[in-house]
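A.B. asks: Mind having a look at this structure? Questions to follow.
What follows draws every value from the coordinates through simple rules; no lab data is involved. No experiment lies behind these values; they were computed from the predicted model shown. Virtual Cβ from ideal backbone geometry, glycine too; neighbours counted across all protein chains shown.
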Amino acid sequence: MKGYSRVYHEAEICGEAVILDKARVYGDASVFGKAKVMGQAEVYEDAMVFGRSRIEDHAQVYGRASVHDYGRVSGNAKVKDSAFVYQSAHITGWACVSDQASVSNNAVVMGDASVCGNAMVYGDSEVWGEAYITDDASVKNSKISGSARIEEDASICDSVVRGHAIVRGSALVCNNSVVDFYHDIKYGYRRPVF
């Protein structure tokens with residue numbers, strides 16, 4: 001521990017974990033491995049941060065959330081409830097990952113975007129703006145932006161969804177498709193736009 005960082009209550013810091021600056025770890029939280037918590041970041045309640053993950057700036061990880069491997073949470077982002085962030089995923093800005101959602105691989109969630117429910121965002125995906133991904137939706141290697149909503153059992157793969165588009169039901173958007181503005185796709189398949 002360096003700077004004015006604080007660890008209190010039943011929190012555990014183990015291995016080569018580092019708490020820097022004014023970061024706080026408290027409650028029953030655990031930080032271990034080679035993880036770093038720095039800036040004014042907070043890890044609390046029953047959250048776990050481990051591996052080579054980094055929590056920085058004003059980010060918060062709490063509830064039973066887990067950030068591991070090379071996961072990174074920065075800015076004013078929040079990872080809470082039972083959410084998972086791992087395998088080099090990055091959550092930044094004012095973004096929020098909650099419930100049982102997971103963000104993994106090299107995925108980035110930024111801006112005011114939200115990933116919640118049982119949603120999964122993975123691969124080289126980017127989610128930004130006020131995009132909202134929820135329920136059992138999955139996003140793989142895609143770009144979701146603006147006020148786009150991905151809901152229910154919808155799957156997005158290798159595509160772009162932007163603007164005020166809504167993809168829901170059991171819809172499948174794949175193969176370099178582009179869905180934008182006020183499209184509302186439900187229970188269908190979106191072919192590529194060339």
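A.B. asks: Among the lysines, select those whose C-alpha is under 16 Å from the C-alpha of K186, and discard any that sit fewer than 8 residues away in the same chain.
C.D. replies: none
A.B. asks: Just want the answer: with Cβ charges of +1 for Lys and Arg and -1 for Asp and Glu, which residue in A137, V61, G15 is farthest toward the dipole's positive end in the chain?
C.D. replies: It is G15.
A.B. asks: Over the Cα atoms of the stretch 129-194, what is the Rg over Rh ratio if Rh follows Kirkwood?
C.D. replies: 0.90
A.B. asks: For the stretch 83-134 and the stretch 16-52, what is the centre-to-centre distance using only Cα atoms, to the nearest Å?
C.D. replies: 20 Å
A.B. asks: Another question about this same structure. So what are the three principal axis dimensions of the chain from its Cα atoms, in whole Å, longest to shortest?
C.D. replies: 54, 21, 21
A.B. asks: Rg to Rh for the stretch 37-120: what is it, with Cα atoms only and Rh by Kirkwood?
C.D. replies: Ratio of gyration radius to Kirkwood radius for the stretch 37-120: 0.91.
A.B. asks: Whole-Hz ³J(HN,Hα) for each residue in the stretch 120-130, computed from phi via Karplus 6.51 cos²θ - 1.76 cosθ + 1.60 with θ = phi - 60°, x for glycine and proline: what do you get?
C.D. replies: 10, 10, 8, x, 8, 6, 10, 10, 8, x, 10
A.B. asks: If you don't mind, another one. Mind giving me the nanometre distance, one decimal, between the label points for D153 and N176, set 7 Å out from Cα along Cα→Cβ?
C.D. replies: Calculated label separation equals 2.9 nm.
A.B. asks: Checking the table K34/K80; K34/K140; K36/K140; K22/K80; K22/K140 against a 25 Å threshold on Cα-Cα, which pairs fail?
C.D. replies: The pairs that break the limit, which is 25 Å between Cα atoms, are K34/K140; K36/K140; K22/K140.
A.B. asks: About its Cα centre, what dipole magnitude does the chain give when the only charges are +1 on Lys and Arg Cβ and -1 on Asp and Glu Cβ, stated in debye to the nearest 20?
C.D. replies: The calculated dipole for the chain is roughly 460 debye.
A.B. asks: Let me ask something additional. May I ask you to derive the FRET efficiency for D112 and D69 from their Cβ-Cβ distance with R0 = 25 Å, giving the value to the nearest 0.05?
C.D. replies: 0.50
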